[in-house]
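To start, the structure under review is shown below, and the notes come after it.
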Amino acid sequence: MFSRLIHAATYCIGVFWSVGAFSQAADTPSLALHEVLERALVHSAQVRKARWEREATALRISEQRRSGWLPQAQLSASADYVPALPTTFLPATLFGGAEGAYTAATLGQPWQVFASVRVEQPLFDESARRLTTAATWVTALQDLLVQQSEEEVIFQTTNLFYQVLQTKALLKALDAHQRQLEALERTVRVQVSGGSAVPTDVQRVQVALAGLQARRQELESGIEALLQGIQFVCGIPFSQPIALVETRRDTVQWMAMPAVAADQTTTYRLLDGRLSLLRTQERSARAQGWPKLGLYAQAGILSQRTDARFAASEGRWYPLGLIGLRLDWPLLNGYRHRQQVSALRLEARKSEEEREYFTQLRQLEQLQARSQWENARRTLYVREQGVELARKLVGQTQLIFQENKASLSDLLAAQTALAEAETQYEQQVFTCRLAEVKWLKAAGQLRTLLDK
């Protein structure tokens, strides 16, 4: 009876432990690279800032376009008290005086109220018309700035993602080496009990295990810090555990890396758009010296009294109305217009030089990225061969050690060589992947990483 109770309790504990482990695994989402990038693009403050700036620019451009051609209406009103009215001199003959004499007279009343509405409609403004094209370029540049911000987030997040996987791969290789050393420790203990080994051999294995455990702590701390970085850029709470998985199985295979024209990249299109914008602004600045023609109309009312009782029934209001054309032609503005045109021309030359420099720099980056990836792939093949040789060496040394034909130092050296070979191989795998990401950046194809 007692044994049955023990068996039932053991079964329940096992079930509860399994359910808890399953629940923890279910609460830990597994994120592939494209999922991490999608989350990062949604939660990135840099991308959100660029999008808000684009919306603000769109509002400003819409306002400028409307204000350039739609009529402008302005209502103005004033109520004045003039204690000292202006004095003028009128011919005395108006008041029955002598010919050639003048009489001083005051104009108006001390209390005055005036209200008017003025409407202006531009008819011809070449500078504003040319700025319409500039507004189109500004909108396109804002879209490119958003795209550039997204590419920067993709590049930084991808590097962080592969650093996590690389560190985990190193930890996995270290765990395998630790298990081998633990098995070796058990073997040496058996040999010590049989008299074919000394206790010092056990201590030497334990020293090697202690070094691996210290290295393991360093790797685990590094993984935790990198995962926190992923959680930060993806907007995931730090209390939520995550697991990163690699779904791209062909990253270490040979791939074609053809030369891509620099004008296919976002940065080049930004520089080219900025150059076009500066040239448009230069043409608009030239047109500021042209005449501007506009139509205006004004209507108003005026009342004057000796007191402030304008609402009295005997008060009189006098209407005012006019309509006309206005021509503005700047003839001399102190060379300000010429200096503005010259400054814009110099900025355009500077932008053109930056575009040419970027073209050459991007070609160099593509060549270096392609060379780095090819060298990394060749090195990976060498590392793979080294792992195979190290495994064969460990297997042969273990057989010889069991036959007491090899020393413990030889076996430990073989185990260490295998661990180093596996570590170098894992590092080289992700070196190839990071080299591929650098080439995608140089070729302007980082958004292909979002493909599932």
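The values are calculated or read from the model by the stated rules, or taken from the named source; none is laboratory data. Quick caveat: nothing in here was measured; it's all calculated off a predicted structure. Here the Cβ is made from the backbone with ideal geometry for all residues, glycine too, and neighbour counts use every protein chain on show.
Within region 169-190, residues that are farther than 21 Å from Ala406 by Cα have Cβ atoms under 6 Å from residues that are outside any helix (DSSP H, G or I) in no pair, counting only partners at least 6 apart in sequence or on another chain.
If the condition is being among the basic types (Lys, Arg) and either touching a helix residue (DSSP H, G or I) at 6+ places or on another chain (Cβ under 7 Å) or in contact (Cβ under 8 Å) with a residue 60 or more places away in the chain (or both), then region 338-395 contributes Arg345, Arg355, Arg362, Arg370, Arg377, Arg383, Arg391.
Residue check: Leu389 meets all listed conditions (1) closer than 30 Å to Val202 by Cβ; (2) assigned to a loop (DSSP other than H, G, I, E, B) but one, namely (2).
In region 239-246, the condition of being modelled with pLDDT of 80 or more and assigned to a helix (DSSP H, G or I) is met by no residue. Against the conditions (1) in the same structural domain as Asn159 (by TED's automatic domain parsing); (2) crowded, with 16+ Cβ neighbours inside 10 Å; (3) modelled with pLDDT of 80 or more, where does Ala134 fall short? Just the number, please. Among (1) in the same structural domain as Asn159 (by TED's automatic domain parsing); (2) crowded, with 16+ Cβ neighbours inside 10 Å; (3) modelled with pLDDT of 80 or more, the lone unmet condition for Ala134 is (3).
Looking only at residues of region 125-141 that are charged (D, E, K, R) and assigned to a helix (DSSP H, G or I), we find that the one that is farthest from Arg286 (Cα to Cα) is Arg129. Set side by side, the residues Ala376, Ala421, Ala414, Ala369 differ, and just one is aliphatic (A, V, I, L, M), part of a helix (DSSP H, G or I) and closer than 22 Å to Val153 by Cα, which is Ala369. Of everything in region 412-423 that is crowded, with 20+ Cβ neighbours inside 10 Å and under 43 Å from the mean Cα position of the chain (by Cα), the residue that is nearest to Gln402 (Cα to Cα) is Leu418.
Given the condition over 60 Å from the mean Cα position of the chain (by Cα) and over 21 Å from Leu320 (Cα atoms), answer yes or no: does some residue in region 106-126 qualify? Yes: region 106-126 contains one or more residues that are over 60 Å from the mean Cα position of the chain (by Cα) and over 21 Å from Leu320 (Cα atoms).
Leu226 meets each of the listed conditions (1) in a strand (DSSP E or B); (2) surrounded by 13 or more Cβ atoms within 10 Å (Cβ to Cβ); (3) at pLDDT 90 or above apart from (1).
Of all the criteria given as (1) surrounded by 11 or more Cβ atoms within 10 Å (Cβ to Cβ); (2) hydrophobic (A, V, I, L, M, F, W, C); (3) under 30 Å from Trp52 (Cα atoms), the one not satisfied by Ala105 is (3). When Ala92 is tested against (1) surrounded by 14 or more Cβ atoms within 10 Å (Cβ to Cβ); (2) free of Cβ contacts under 8 Å to residues at least 40 places away in the same chain; (3) assigned by TED's automatic domain parsing to the domain that holds Trp137; (4) among the small types (Gly, Ala, Ser), exactly one condition is not met: (3).
The numbered conditions (1) at pLDDT below 85; (2) touching a Lys or Arg at 6+ places or on another chain (Cβ under 6 Å); (3) not assigned by TED's automatic domain parsing to the domain that holds Phe430 are all true for Tyr296 except (1). Just one residue in the set Gly289, Gly211 is of a type outside the set (S, T, N, Q) and either modelled with pLDDT under 85 or closer than 30 Å to Leu123 by Cβ (or both); that residue is Gly289.
Evaluate region 50-61: report whether one residue or more is among the charged types (D, E, K, R), closer than 25 Å to Ser276 by Cβ and at pLDDT below 85. Yes, region 50-61 contains at least one residue that is among the charged types (D, E, K, R), closer than 25 Å to Ser276 by Cβ and at pLDDT below 85.
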